[in-house]
Amino acid sequence: DTAVSQTPKYLVTQMGNDKSIKCEQNLGHDTMYWYKQDSKKFLKIMFSYNNKELIINETVPNRFSPKSPDKAHLNLHINSLELGDSAVYFCASSRATPDTQYFGPGTRLTVL
Amino acid sequence: AQSVTQLDSQVPVFEEAPVELRCNYSSSVSVYLFWYVQYPNQGLQLLLKYLSGSTLVKGINGFEAEFNKSQTSFHLRKPSVHISDTAEYFCAVSVAGKLIFGQGTTLQVKP
């Protein structure tokens, strides 16, 4: 009965590779988010989707492309991975704003 | 621009002692404030939130926070901490559909 799930939990890859992280929520929420937590634990929003429509894009490099096939899923694809992309990526969802955002367990991405 | 400042990066405290984690915000619009907790290698869990109404907000695990508009603060308190409260605590403000987080405060509860 996991509310917000992410796969994989850990992702180790080489520079230049392309990788995807998947997120699913079973809360019936309309809005989903991607956040990045850096090595100093600072959290910053990357994207937000509402009913499959992109509503927030926070000056993220074009190498990052979110995709929402339906309102329960929000995937993150990253092209040409760089060392600086190493971080923990969190997916979240909410019913509306400014309502509570529910977070997934995170995906720890390590780029070698 | 809206921002959140958590005044202490680390707070060491002994078990059963009271604790206060400080948070100040700047916002020129309606304020919606949150405290989240992150246990090691886990996602964020909501402790409490202020959207409107009473300025004293009670949350889970015995935590409470007080919204102070004049001081632009939303400090988190617990009268008696447990070892299990050791975690990272984040204050956040909701603005235009996104959460803006503070830098986080590491609460270290010692036996």
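Descriptive notes on the structure:
- Residue count for the range A:4-53 satisfying the condition of being away from chain B (no Cβ under 14 Å), closer than 16 Å to A:HIS77 by Cα and small (Gly, Ala, Ser): 2.
- Residue in the range B:55-68 that is in a strand (DSSP E or B), of a type in the set (Gly, Ala, Ser) and at negative phi present: yes
- Selection status of A:SER48, crowded, with 21+ Cβ neighbours inside 10 Å, touching a residue at least 40 places away in the same chain (Cβ under 8 Å), in a strand (DSSP E or B) and polar (S, T, N, Q): no
- Looking only at the range A:58-86, residues that are within 14 Å of chain B (Cβ to nearest Cβ) and loosely packed, with under 13 Cβ neighbours inside 10 Å come to 1 in all.
- Residue ID - farthest from the other protein chains (Cβ to nearest Cβ), chosen from residues in the range B:43-71 that are within 17 Å of B:GLN103 (Cα to Cα) and of a type outside the set (A, V, I, L, M, F, W, C): B:GLN45
- Selection count where residues are more than 10 Å from chain A (Cβ to nearest Cβ), over 19 Å from B:VAL109 (Cβ atoms) and either at pLDDT 95 or above or loosely packed, with under 13 Cβ neighbours inside 10 Å (or both), scope the range B:27-40: 2
- Residue that is among the small types (Gly, Ala, Ser), crowded, with 16+ Cβ neighbours inside 10 Å and touching a Cys at 6+ places or on another chain (Cβ under 8 Å), where the choices are B:GLY43, B:GLY102: B:GLY102
- Tally of residues being part of a loop (DSSP other than H, G, I, E, B), facing chain A (nearest Cβ under 7 Å) and touching a residue at least 24 places away in the same chain (Cβ under 8 Å) across the range B:97-111: 2
- Count - residues of the range A:87-112 that are among the basic types (Lys, Arg) and surrounded by 21 or more Cβ atoms within 10 Å (Cβ to Cβ): 0
- Among the residues making up the range B:24-69, those that are under 18 Å from B:PRO79 (Cβ atoms) and among the hydrophobic types (A, V, I, L, M, F, W, C) are B:TRP35, B:VAL37, B:LEU47, B:LEU48, B:LEU56, B:VAL57, B:ILE60, B:PHE63, B:ALA65.
- No other residue among B:GLY97, B:GLY53 is within 22 Å of A:ALA92 (Cα to Cα) and over 15 Å from the mean Cα position of the chain (by Cα) apart from B:GLY97.
- Filter result (part of a strand (DSSP E or B), among the polar types (S, T, N, Q) and touching a residue at least 12 places away in the same chain (Cβ under 8 Å)) within the range A:51-81: A:SER65, A:SER68, A:ASN75
- In the set (1) modelled with pLDDT of 95 or more; (2) in a loop (DSSP other than H, G, I, E, B); (3) surrounded by 13 or more Cβ atoms within 10 Å (Cβ to Cβ), the condition left unmet by A:TYR35 is number (2).
The values are calculated or read from the model by the stated rules, or taken from the named source; none is laboratory data. From a predicted model like this one, the values you see are computed outputs, not experimental measurements. Don't worry about glycine lacking a Cβ; one is built from the backbone with ideal geometry, like all the others, and counts go over all protein chains shown.
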